Amino acid sequence: MRNRKPKNEPARRLVVLGGARGERREGAVWLVGAGPGDPDLLTIKALKALQGADVVVHDGLVSDEILDLAPAAARRISVAKRKSRHSYAQVEINRMLVAFAQEGLNVVRLKGGDPFIFGRGGEELEACREAGVDCHVVPGVTAALAAGANAGAPLTHRGSAQAVTFVTGHAASGSEPDLDWESLAKANQTVVIYMGVSTAAGIAGRLIGAGRAGSTPALVVENASRADERRVLTTLAGLPAATEQVAGPALLIVGEAMALALPTEEAAPAVLTEPKLELRR
Ligand SMILES: C[S@@+](CC[C@H](N)C(=O)[O-])C[C@H]1O[C@@H](n2cnc3c(N)ncnc32)[C@H](O)[C@@H]1O
């Protein structure tokens with residue numbers, strides 16, 4: 001009887017590269033942070049890893065300018081999420097990385113920002129460990145650091161931002177995340193929300209409902225560190241309106257220290273009223 005594929009497990013797809021030529025060598029996986037977009041923010045270690053790659057498995061957010069730093073002979077595989085055709089499931093990406101390394105190849109898994117900040121790098125590391133494949137991690141500049149730097153707004157600041165917290169705006173189910181809103185609503189701290197554009201209204205409502213002032217400065221940064229970076233300075237209450245025009249990857253940054261930010265656009269009109277949001281109990 002033929003083995004059946006377990007339910008919910010995607011079909012196995014593998015791109016065969018034919019292994020390393022000549023003497024067989026040990027392959028390895030390098031989980032490399034490509035930074036937020038500006039190639040100048042790539043680390044020297046990331047550059048070295050790219051230069052030694054036989055195959056580069058990359059996300060959609062990584063620019064061609066960075067991909068071109070890999071040897072011309074290196075195979076490039078995009079595992080970007082696509083609306084029009086099949087996207088690779090995480091389990092398929094894990095299998096691909098392991099299989100290439102077991103072929104003796106140097107595999108660079110290139111990710112936007114840092115591989116361990118909302119990058120699913122931990123899952124890929126675990127897959128390599130389970131398969132007994134060497135896995136090295138090269139940190140990258142996460143989007144929040146570039147966003148704060150370019151805006152001239154420190155994420156921590158004596159007197160007004162004694163802590164910074166990175167949170168996701170999206171739960172695995174696609175809905176609002178289950179966060180400790182009361183703790184995030186305390187004043188004098190910065191909250192950076194990744195993947196929060198579509199849930200901005202709910203997040204602002206939760207924070208205000210938990211006691212954070214609607215007038216707290218907030219910054220929306222789209223395409224941080226890229227040529228088309230856009231920064232909108234608003235308030236926590238104004239976040240839903242300020243995210244309406246956002247099309248690219250963006251961060252929502254809430255906190256008193258954002259009052260120092262230099263926007264490329266002021267939120268128009270200035271939102272001074274609290275949004276009318278329904279809070280789930
Ligand atoms: C899957 S997470 C990856 C984060 C990435 N690992 C990092 O460390 O920056 C994708 C989210 O990161 C944020 N992001 C990534 N690059 C960005 C950029 N250049 N500008 C603004 N936000 C960015 C957006 O919130 C986007 O939805």
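Quick note: the coordinates plus some simple rules give every number you see, no bench work behind them. Predicted model only: the values in this text are computed from it and were never measured. Neighbour counts are summed over all protein chains in view; Cβ atoms, including those assigned to glycine, are modelled from backbone coordinates with ideal geometry.
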* Two-site FRET efficiency, His136 against Ala213, from Cβ-Cβ distance with R₀ of 30 Å, rounded to 0.05 -> 0.10
* Cα-based shape type of region 116-227, given that a ≥ b ≥ c are square roots of the gyration tensor eigenvalues and the cut on a/c is 1.5 -> prolate
* How many nm separate the modelled label positions at Asp178 and Glu244, each set 7 Å beyond the Cα in the direction of the Cβ? -> 3.4 nm
* **Inter-label distance, nm, simple model (7 Å from Cα along the C-beta direction), Asp40/Glu123** => 3.5 nm
* Can you work out the FRET efficiency for the pair Ser198 and Arg25, with r the C-beta to C-beta distance and R0 = 45 Å, to the nearest 0.05? -> 0.50
* **Estimated inter-spin distance, Ala149 and Ala89, nm [label 7 Å along Cα→Cβ]** => 3.8 nm
* **Within region 145-168: backbone nitrogen closer than 19 Å to the Lys186 label point (7 Å, Cα to C-beta)** => 155-168
